[in-house]
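Participant: My questions all concern the structure below.
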Amino acid sequence: MASINIPVTVTTNISGGYLTVRVHTSVVKVKIKDIGIAEQQRLRIEPGKTLFDLVLEAAKTFVTDFHTREFSAADLYHLATEKHPELNLRQNSWSCHVVSSAPNHPSYKHYTARRRYFRYLGGGRYSLDSSIQLQTEGSSGS
């Protein structure tokens, strides 16, 4: 018996919890059950808190610790990731929440979830809105 070599191209892709194997025109898609991966991708904030709460908390901390009222979304993001390393904070989501917290930002109109925490100063810089109190509930003032 003679053997014949036939070249075959096989492509594989893992995306969205599925393994896709493609051989010529045939496709097989198999759901992958990987323990722990789905849990790591979700943002786990304590009950009753939102990402907006973390953004405002980071801004108040930044203003208090660095004695300045001006900051960028990246400044707040780095502060939040240092304080909450256990959270899977995504920089894109974080930046969107900062923009949607500044009513005078040109892109504010594109967001449905909006807050009035910041004033956009231009060039990626923000400041706390004058209506925001720096003291958090439960902290004692001097």
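The values are calculated or read from the model by the stated rules, or taken from the named source; none is laboratory data. Since we're looking at a predicted model, the values are computed, not measured. All Cβ positions, even for glycine, are placed from backbone atoms using ideal geometry, and neighbour counts span all protein chains on display.
Participant: Considering every residue within region 67-77, establish whether at least one is surrounded by fewer than 17 Cβ atoms within 10 Å (Cβ to Cβ), closer than 21 Å to residue 43 by Cβ and polar (S, T, N, Q). Give the steps one after another, and end with the answer.
Facilitator: Taking region 67-77 and keeping what is surrounded by fewer than 17 Cβ atoms within 10 Å (Cβ to Cβ), we get 67-70, 72, 74.
Restricting the remaining residues to those that are closer than 21 Å to residue 43 by Cβ gives 74.
Narrowing further to those that are polar (S, T, N, Q): none.
Checking region 67-77: not a single residue is surrounded by fewer than 17 Cβ atoms within 10 Å (Cβ to Cβ), closer than 21 Å to residue 43 by Cβ and polar (S, T, N, Q).
Participant: Right, here's the next one. Considering each residue of region 85-104, count those that are in contact with a helix residue (DSSP H, G or I) (Cβ under 7 Å, 6 or more places away or on another chain) and part of a loop (DSSP other than H, G, I, E, B), and give that number.
Facilitator: Selection size over region 85-104: 5.
Participant: Let me ask something additional. Please enumerate the residues belonging to region 31-59 that are more than 30 Å from residue 72 (Cβ to Cβ), at pLDDT 80 or above and exposed (fewer than 10 other Cβ atoms within 10 Å of the Cβ). Quick ask: steps written out before the conclusion?
Facilitator: As a first pass, look at region 31-59 and keep what is more than 30 Å from residue 72 (Cβ to Cβ): 31-39.
If we keep only those that are at pLDDT 80 or above too, we end up with 31-32.
Within region 31-59, 31 is the sole residue that qualifies.
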